[in-house]
Amino acid sequence: MENLASSVKLQQREVRVHHDYGDSTQELIDKCMTRLYSLEGLDLQDLLIVFGLTVHDNPANQAIMVRIPTDVAVISWLRMKKSQSMGGPSAANSGMGGGWF
């Protein structure tokens, strides 16, 4: 690795290294979309689904969403994220006992 760095430095070129952690990006997005559109207790016409699509812009949010154990918790998480995006209370002070976990 040290030789590679020296070689790149001498050539004044840039090296990009890409490493996927677990699921590929596309697989993770597919899982999120499937989860979002199959949430029990949320109508497909609900604006929270539209908001949920915007949350997927952040890879950390994608990983969180697919790991939340229940549909009720996903819906609560989406509502909290929506509230935060509109300047509402954060999870730490939302009256949910310091967070939703």
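Each label was represented as a point 7 Å from its Cα along the Cα-to-Cβ direction; for Leu53 and Thr34 these points are 2.0 nm apart. Charge dipole of the range 21-91 (Cα centre as origin; +1 on each Lys and Arg Cβ, -1 on each Asp and Glu Cβ, all else neutral): 260 debye, rounded to the nearest 20.
Annotation: extensible slack from Asp43 through Asp71 equals 8.8 nm (criterion: 0.36 nm per residue apart, minus Cα-Cα distance).
Packing around the peptides 48-60, 73-85, taken as the average count of other Cβ atoms within 10 Å per residue, puts them in this order, highest first: 73-85, 48-60.
None of the figures in this text is laboratory data; all of them are computed from the coordinates on show. Since the structure is predicted, the reported quantities are computational estimates derived from the model, not experimental observations. Counting neighbours? That spans all protein chains shown, and the Cβs are built from the backbone with ideal geometry, glycine included.
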